[in-house]
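Participant: Input: one structure, supplied below.
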Amino acid sequence: MHGAANAAGTPLVVALDHVAPSPAPGAKVRTPATIDAALAGDLAKRLGRRLEATEQGPADLRLTKVDAGNAPPSMTLIPVPYRVVPMAIMRTDSDIRRWEHLRGRTACVAADGAHVGDVERRHGAVEIVHPTLTEALVSLRTGGCDVLVHDSALLEELLRLPEWKKFSRRLASRQEATLAILVPDRDESTAARVREVVGAWKAQSFTASLVKAAVRDIAWEVYVEQEVPDCH
């Protein structure tokens, strides 16, 4: 594996947990459920490289959810200022009060999010997996599921919007996980450059700005999908 920070002219190969396929011609544009790809793109840009994202195969770096304190062997873990903590939201008149109440109830999740399988495994919910967060949120609003489970950072931002007031009951989680960049131990130069970039992200509140932009776009997509009739 070549040093990612010093290979000008070659792409920066970043392994992501989910790489969105190219949209089909005429398909509706959907905002990703996570900020991972946006972070990878900005990282490559700040390193003066072209991003090449992959889910499998060799890579210079990996951007992934890491449980607290669990660094993989032979990898340097550089935390990103973004906690990947699940939260459930539901109608304010829901009878669900605790995570235990989700047993046998339906939970919408986004296929490109970080929580597929979690609420089913931990709490016995019946998961309904939607292709994107937009579709999952539309389903919640139209009664297609009892709750929606996604990153707390995005959902808290969404619930600031007045149109989501009726869906503002929430279940917070104590699970501790963070987004992190993993760099091979032997690639010290890349690790040093990545730390510089992450430091800049913190100083600029960059992840928070990505969350705000993503929520704004997703909320608009939900509005258009639910409220605006299809003219075709």
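Participant: Quick one: putting +1 on the C-beta of Lys and Arg, -1 on the C-beta of Asp and Glu, what dipole do you get for the chain around its Cα centre, in Debye to the nearest 20?
Facilitator: Numbers: 29 positive and 30 negative charges, 113 e Å.
The dipole magnitude comes to about 540 debye.
Participant: Under 20 Å Cα-Cα from LYS45, which lysines qualify once same-chain neighbours fewer than 8 residues away are excluded?
Facilitator: Qualifying lysines at Cα under 20 Å: LYS202.
Participant: Rank the residues LEU61, LEU77 as a footprinting-exposure proxy: fewest other Cβ atoms within 10 Å of their Cβ go first.
Facilitator: Going from least to most buried by this count: LEU77, LEU61.
Participant: Can you compute 3J(HN,Hα) from phi for each residue in the range 99-115, using the Karplus curve 6.51 cos²θ - 1.76 cosθ + 1.60 with θ = phi - 60°, rounded to whole Hz and x for Gly and Pro?
Facilitator: Listing the rounded values in order: 4, 4, 6, 7, 4, x, 8, 8, 10, 7, 9, 9, 4, 9, x, 9, 10 Hz.
Participant: In addition: Ranked highest first by the average count of other Cβ atoms within 10 Å around their residues, in what order do 115-124, 179-188 fall? Present the calculation step by step, with values, prior to reporting the outcome.
Facilitator: Working: 115-124: 16.5, 179-188: 19.2.
The packing order, highest mean first, is 179-188, 115-124.
Participant: So, one more: Pull out the extension gain between ARG174 and LYS212, defined as 0.36 nm times the separation in residues minus the alpha carbon to alpha carbon distance; nm, one decimal.
Facilitator: The ARG174-LYS212 span can extend by a further 11.4 nm.
Participant: Name the lysines eligible as straight-distance cross-link partners of LYS166: C-alpha to C-alpha under 26 Å, and not fewer than 8 places from it in the same chain.
Facilitator: Those lysines meeting the cut-off are LYS212.
Participant: Taking 0.36 nm per residue of separation and subtracting the Cα-Cα distance, what length does fully extending LYS165 through GLU196 add?
Facilitator: Once the chain is fully extended between LYS165 and GLU196, it gains 7.2 nm.
Participant: Enumerate the lysines that LYS165 could reach by cross-link, defined here as Cα to Cα under 17 Å, with residues fewer than 8 away along the same chain left out.
Facilitator: Qualifying lysines at Cα under 17 Å: none.
Participant: For every other residue with a beta carbon closer than 15 angstrom to the beta carbon of GLU127, add +1 if it is Lys or Arg and -1 if Asp or Glu, then tell me the sum.
Facilitator: Numbers: positive: ARG103, ARG105, ARG121, ARG122; negative: ASP112, ASP118, GLU120, GLU135, ASP146.
With Lys, Arg at +1 and Asp, Glu at -1, the neighbours total -1.
Participant: Let me ask you something else. Rank by packing, highest mean first: peptides 91-102, 41-52, with packing defined as the count of other Cβ atoms within 10 Å averaged across residues.
Facilitator: Working: 91-102: 13.7, 41-52: 16.8.
Answer by packing, highest mean first, reads 41-52, 91-102.
Participant: If contacts are Cα pairs under 8 angstrom and at least 6 residues apart, what is the relative contact order of the range 86-172 in percent?
Facilitator: 44
Participant: May I ask what percent, to the nearest 5, of DSSP beta bridges between residues of the chain are antiparallel? Before the final figure, lay out the partial values.
Facilitator: Details: 20 of 34 bridges.
Bridges in the chain are about 60 percent antiparallel.
Participant: Does a label point 7 Å from the Cα of ALA68, set along Cα-to-beta-carbon, have any residues of the range 144-188 with amide nitrogen under 12 Å, and which are they?
Facilitator: Once the point is set 7 Å along Cα→Cβ of ALA68, 174-178 turn out to lie under 12 Å by backbone N, inside the range 144-188.
Bear in mind that the values in this text are calculations on the coordinates, not laboratory data. As the structure is a computational prediction, the values presented were derived from the model and not from experiment. Heads up, the Cβs are rebuilt from the backbone with ideal geometry, glycines too, and the neighbour counts pull from every protein chain shown.
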